[in-house]
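One structure below.
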Amino acid sequence: MTQQALTEAVYYILLSLLKPLHGYGIIQNVSTLSGGRVKLAAGTLYGALNTLVDKGWIDVLPENPESRKKEY
């Protein structure tokens with residue numbers, strides 16, 4: 001397994017996922033945690049989330065039938 005340094009965005013995404021969150025919640029939390037310094041666009045966030053899921057670092061939680069939101 002090759003080792004790579006975490007980007008700042010991925011670091012804050014992982015910190016945000018200490019509790020289950022959906023995409024928009026992650027974007028807001030990353031901004032809060034970074035003091036507004038890191039602003040994630042939706043494309044950047046979902047690309048990073050897909051990569052983290054593929055690597056097995058995070059999981060997609062079972063979907064709530066009453067909600068369209070996907071939680072990680």
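Rule-based calculations on the coordinates, nothing more; no lab input. Everything numeric here is computed off the predicted structure, so don't read it as measured data. Here the Cβ positions follow ideal geometry from the backbone for every residue, glycine too, while neighbour counts run over all protein chains shown.
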message = Cβ contacts < 7 Å: first residue without any contact (Cβ under 8 Å) to a residue 12 or more places away in the chain, restricted to the range 9-34; second residue outside any helix (DSSP H, G or I) and surrounded by 16 or more Cβ atoms within 10 Å (Cβ to Cβ), any location; separation 6+ or different chain. Result?
response = Ser31/Val38
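Looking at the range 15-66, which of its residues are among the hydroxyl-bearing types (Ser, Thr, Tyr) and under 11 Å from the mean Cα position of the chain (by Cα)? Lay out the reasoning, then the answer.
Here is the first cut: in the range 15-66, the residues among the hydroxyl-bearing types (Ser, Thr, Tyr) are 16, 24, 31-32, 34, 44, 46, 51.
Listed by number, the residues that qualify are Ser16, Tyr24, Thr44, Tyr46, Thr51.
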